[in-house]
Structure formats: structure tokens, C-alpha cells
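In what follows, a structure is listed as C-alpha cells, so that the remarks can point back to it.
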Amino acid sequence: DVANQLGIANEQITNHERILNLSRTDAMTGLLNRRAFFEIELPRRVARLERTGQKASLYYLDMDNFKMVNDVHGHQRGDDAILFLRDMLMEHSRPGDAIVRLGGDEFAMWLDGMEGEVTEKRAKALLEASKALEEFSGDADHPLGLSIGVALFDPSVGEDLSDLLVRADEAMYAVKKAGKGGYRLAAPPGASRPGEKDT
């Protein structure tokens, strides 16, 4: 009886952990999902950085011309492209970095301990690697690529987390409006938007 009860208890613990993991991860990619990132992971990381004084980088990444992949080649090919991007982001991250699928073809990365120059090098490396996405393109006139918006987090500034997210999001959409396939480093908190650096 005791052995049976222990077996049932262990099974319940395993099931609880599995459900908890599913609630935190994206079903297709196995990455963190939007809710887990914004409600759990990001506040925890920011609180730690506020104690240590370390900086961090938030990358917003959105696929260019992704709809054409689905329209021309079908949704399976689109799924393959998303998984390819997941693998690419994992190759360009370190253990402990947070990689998130925000939904659809939108992703985010949070990298602790990153300064401005290293952050830009990482964005350039991601763009270079993203050229491999072109093999999934819907057609030659609409190459599959990547637009990246980056915001630097400095705990000494006291920026609200929601403002940081807006800066990264706006920087990414500015790349889209400028023609796609690039990165933009958002202006520091409180700086004028036109001062953003574009590449």
C-alpha cells in the first residue's frame, strides 16, 4: 500500500511538473512563451540585475515576408522556417539567456551582462546568420529575412519595464518601415526617437 501511494504521489508530481512546463513553453518550439517571459522570467531577471548593477539587452525579432512562405509553400514549410530560426537563435545565445516565441513569427531574446558594443555585434551576427532563412522564401521578390529591434537595459536608470519593451518593439517596427532586413538600436530612455541608430 505504501509503495502504491508513493507511486501515485510521484506520478502526480511528475504530471504537475509537466503541466507547469507546458504552461511556460511554446508548444511548437519548446521555447518560453509570451506569458512566462513577461510575467515570470523578465521581472525575475530585472530584479536580479537591479541587485548586481549589470546591464542587459532585449532583442525583438520578427521574420520578414513570412506570410508568403505559408501562402506559397504551405504551413508545414512555415513551421520548418520557425524551427530553423529557433535553432539559429539557440546557436547565437549562451546558457542562461532567455529565448522566447512571442507568437507567430515574432521572437525575443534577453541577454544578461551585455554592453552596447557587444550587443551590436550580436545583432550583426544574427543578421548575417539569418541570410540562411532565404531558402524558405515564398519567392525571390519576397525573401524571408529578419528585422531586429534592440533595447539596452541599465538598472541604474530606473526605467519602467513596460517602457523598455516599447523601445525594443518600436525599434523593430522602425526597421520594418525602413525596408526590413536590418537592426535598430533603440535610443536610451528619455532620448528622442529620431536619434536611434539604424543599420
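How many Å² of accessible area per residue for region 82-190, probe 1.4 Å? List each step's numbers first, then the result.
Working: 4710 Å² over 109 residues.
I get 43 Å² per residue for this part.
Placing pseudo-labels 7 Å out from each Cα toward the beta carbon at residue 28 and residue 180 gives an inter-label distance of 1.7 nm. Ligands, DNA and RNA left out, the accessible area of region 71-195 computed with a 1.4 Å probe is 51% carbon and sulfur.
Accessible area per residue for region 29-76, computed on protein heavy atoms with a 1.4 Å probe, is 50 Å². Relative to the current alpha-carbon distance between residue 166 and residue 141, full extension at 0.36 nm per residue lengthens the span by 5.9 nm. Once the C-beta distance of residue 87 and residue 157 is scaled by a Förster radius of 25 Å, the resulting FRET efficiency is 0.15 to the nearest 0.05.
Computed from label points 7 Å out along Cα-Cβ, the spacing between residue 39 and residue 191 is 3.4 nm. Of the cross-linked pairs 67/121; 55/131; 55/177; 55/180; 124/177, those separated by over 24 Å at the C-alpha level are 67/121; 55/131; 55/177; 55/180. At R0 = 25 Å, how high is the FRET efficiency between residue 115 and residue 51 if r is their beta carbon distance? Nearest 0.05 is fine. Calculated value: 0.85.
The values are calculated or read from the model by the stated rules, or taken from the named source; none is laboratory data. Predicted model, so just to flag it, every value in this text is computed and none were measured. Note that each Cβ is placed from the backbone with ideal geometry, even for glycine, and that neighbours are counted across all protein chains shown. Side chains are part of the model used for accessible areas, which takes the heavy atoms of the whole protein and leaves out ligands, DNA and RNA. Shrake-Rupley method; radii C 1.70, N 1.55, O 1.52, S 1.80 Å.
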